[in-house]
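Comments concern the structure below.
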Amino acid sequence: MLALRKWLFSGLLVIVPLFITLAVLKWIIDTLDQTLWVLPSVWQKWLYDNNVRGLGVLLTLGILLGVGATASNFVGKRLLGWGDAVVRRIPVVRSIYSSVKQVSDTLFSENGNAFRTAVLVQWPREGVWTIAFVTGTPGGDVVEHLGGGDYLSVYVPTTPNPTGGYFVMLKRSDCIELKMSVDEALKYIVSMGVVVPGGPSSLANK
């Protein structure tokens with residue numbers, strides 16, 4: 001009986017990660033295949049009739065590369081600047097667009113500093129520790145209300161899904177910088193502590 005139980009859990013450890021990985025890949029491919037609507041209807045019908053899958057991935061990659069190449073030259077930058085100015089003049093839309101663009105610029109810019117440092121913080125109460133990510137330092141009117149001091153803007157992710165979490169501002173001395181990379185920290189969070197890399201060093205000493 002113990003042997004059967006051991007085999008069952010061993011099988012789950014092999015099948016579950018494989019199944020979830022395949023399911024995620026299928027979802028990504030199916031989602032990207034929606035970009036095929038930009039092709040002529042005749043081509044779409046042929047692809048549908050012949051059950052051709054995954055072409056949307058290549059098409060999406062091509063579109064991204066094309067847009068990126070266009071945005072990198074002088075003419076493309078002028079066009080993007082003009083389009084950006086037009087969108088920012090539209091009520092409601094400008095608020096959504098500005099917020100999303102600011103976040104995307106921070107996350108995807110080569111000079112961005114989002115999620116570059118993993119830290120150990122006490123959350124949600126003193127004595128309970130978790131891993132978080134430094135996103136910057138408080139600015140604007142917020143600094144005045146913090147009463148001075150050296151604060152960090154910190155994102156505390158949830159586990160096992162780090163895409164959800166909390167934004168908090170903590171004193172630098174209350175954060176312990178981790179030697180592990182952001183990728184290693186994310187693996188640690190997603191694995192719920194099973195994968196344990198790196199070691200701490202205090203931010204307060206910097």
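Here are the numbers:
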read-out	value
Net lengthening on full extension, Leu18/Glu126 (0.36 nm per residue, minus Cα-Cα)	35.1 nm
Calculated SAXS-style log₁₀ I(q)/I(0) at q = 0.16 Å⁻¹ - the chain, Debye, Cα scatterers	-1.21
Estimated FRET transfer efficiency when R0 is 41 angstrom, pair Ala71-Lys179 (beta carbons, to 0.05)	0.70
Cβ-derived FRET efficiency at R0 41 Å, Val143 paired with Val196, nearest 0.05	0.70
Ser41-Ala85 FRET efficiency (beta carbon distance; Förster radius 30 Å; 0.05 resolution)	0.30
Lys/Arg +1, Asp/Glu -1 at C-beta; region 55-108 dipole; positive extreme among Gly83, Ser72, Leu55	Gly83
Normalised alpha carbon radius of gyration of region 55-108 [divisor 2.2 N^0.38 Å]	1.32
Lys pairs under 26 Å by Cα in the chain, provided they are eight or more residues apart or on distinct chains	9
Where trypsin sites (Lys or Arg not before Pro) fall in DSSP loop in region 53-92, at most 14 other Cβ within 10 Å	Arg53, Arg88, Arg89
Stretch gain in nm, segment Thr31-Ser95, where the contour uses 0.36 nm per residue and the Cα spacing is subtracted	20.4 nm
Residue with peak Gaussian network fluctuation, the chain [Cα springs, cutoff 10 Å], from Asp49, Asp183, Asp33	Asp49
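Any read-out appearing in this document is the output of simple, stated calculations on the displayed coordinates, not a laboratory observation. Note that the structure is a prediction, hence the values are computed from the model and not measured. FYI the Cβ positions are ideal-geometry reconstructions off the backbone, even for glycines, and counts take in every protein chain you see.
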